[in-house]
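What follows is a single structure, written as structure tokens, with notes after it.
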Amino acid sequence: MDIGLHFGFGDEIKNTDYTYTNHYIKPQLYWQLRKGRHFTYQVLLQPEINFATHQLINLYFVTPDEPDYEHKRDVYTKLKNIREYVLNVGFLVRKPISKNFSMYVLGSVGPMITDTETERLSKGFAFSDVLSLGFSYRVKHITFDLRPNVRHISNAGLQNSNAGFNTANIEFGFSMPL
């Protein structure tokens, strides 16, 4: 088992209708499932707190057929600070390149609670899905990570607003054996 801490930040993926930026911190707990000849397989538990800002730019995203649409346009076009609380579980496949350097692919998904309603996502329960390509370098007992990733958050249609957000992020972190 390893324990680690990651920090990251990102921005919406090429969009002119709204702005969305985020930065986050996530402690991580790694369990090695199997170490094969060419690959290592791990499970990763990563609770996360995400600090985001969002603002609707295209007020016509809120259409006149919605109840109280003028008020919603007024509310949604103001800059908002959003907190997202996530518990992602991931699966990681690592390929050693040298004694100290490795690359990996990580996919994770988990439940999320968001504290602010937007025109794209209802307040409350949602999901966070992340796909990462990571690079690790080990120095003695500490492993340093660089992890670019793409993230999608939505509520799977369980609430009214479900357009969600898509971001490109970069993450930095370290881990060490327990």
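The values are calculated or read from the model by the stated rules, or taken from the named source; none is laboratory data. From a predicted model like this one, the values you see are computed outputs, not experimental measurements. As a convention, Cβ positions derive from the backbone with ideal geometry for all residues, glycine included, and neighbour counts pool all protein chains shown. Heads up: the accessible areas ignore ligands, DNA and RNA and are worked out on the full protein's heavy atoms, side chains in. Shrake-Rupley method; radii C 1.70, N 1.55, O 1.52, S 1.80 Å.
Some points to look at:
- Top-ranked residue in the range 139-148 [being free of Cβ contacts under 8 Å to residues at least 40 places away in the same chain and within 18 Å of the chain's Cα centre (by Cα); ranked as surrounded by the fewest Cβ atoms within 10 Å (Cβ to Cβ)]: L146
- M112 open to solvent by 20 Å² or more (accessible area, probe 1.4 Å) and either over 16 Å from L44 (Cβ atoms) or touching a residue at least 12 places away in the same chain (Cβ under 8 Å) (or both): no
- The requirement of being within 24 Å of the chain's Cα centre (by Cα), at pLDDT 95 or above and not hydrophobic (A, V, I, L, M, F, W, C) is satisfied by Y24.
Yes or no, residue by residue, for (1) under 20 Å from Y18 (Cβ atoms); (2) open to solvent by less than 100 Å² (accessible area, probe 1.4 Å):
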position: L59; (1), (2): yes, yes
position: E70; (1), (2): yes, no
position: D74; (1), (2): yes, yes
position: K78; (1), (2): yes, no
position: I82; (1), (2): yes, yes
position: L87; (1), (2): no, yes
position: P96; (1), (2): no, yes
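- Residue in the range 91-110 that is in contact with a strand residue (DSSP E or B) (Cβ under 8 Å, 6 or more places away or on another chain), modelled with pLDDT of 95 or more and closer than 30 Å to T63 by Cβ present: no
- Among the residues listed as R94, R83, R151, the single one being within 18 Å of G10 (Cβ to Cβ), touching a residue at least 40 places away in the same chain (Cβ under 8 Å), basic (K, R) and part of a strand (DSSP E or B): R151
- Boolean, Y76 is touching a residue at least 24 places away in the same chain (Cβ under 8 Å) and either over 30 Å from H6 (Cα atoms) or more than 24 Å from the chain's Cα centre (by Cα) (or both): yes
- Among the residues of the range 122-138, those that are in a strand (DSSP E or B) and open to solvent by 70 Å² or more (accessible area, probe 1.4 Å) comprise F125, L131, L133, Y137, R138.
Residues are listed down the side, and each one gets a yes or a no for (1) touching a strand residue (DSSP E or B) at 6+ places or on another chain (Cβ under 7 Å); (2) open to solvent by 70 Å² or more (accessible area, probe 1.4 Å); (3) in a loop (DSSP other than H, G, I, E, B):
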site	(1), (2), (3)
G8	yes, no, no
Y20	yes, no, no
Y24	yes, no, no
P27	yes, no, no
L33	yes, yes, no
V43	yes, no, no
H54	yes, no, no
P67	no, yes, yes
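- Only a single item in (1) over 21 Å from W31 (Cβ atoms); (2) surrounded by 13 or more Cβ atoms within 10 Å (Cβ to Cβ) is not met by F174, and it is number (1).
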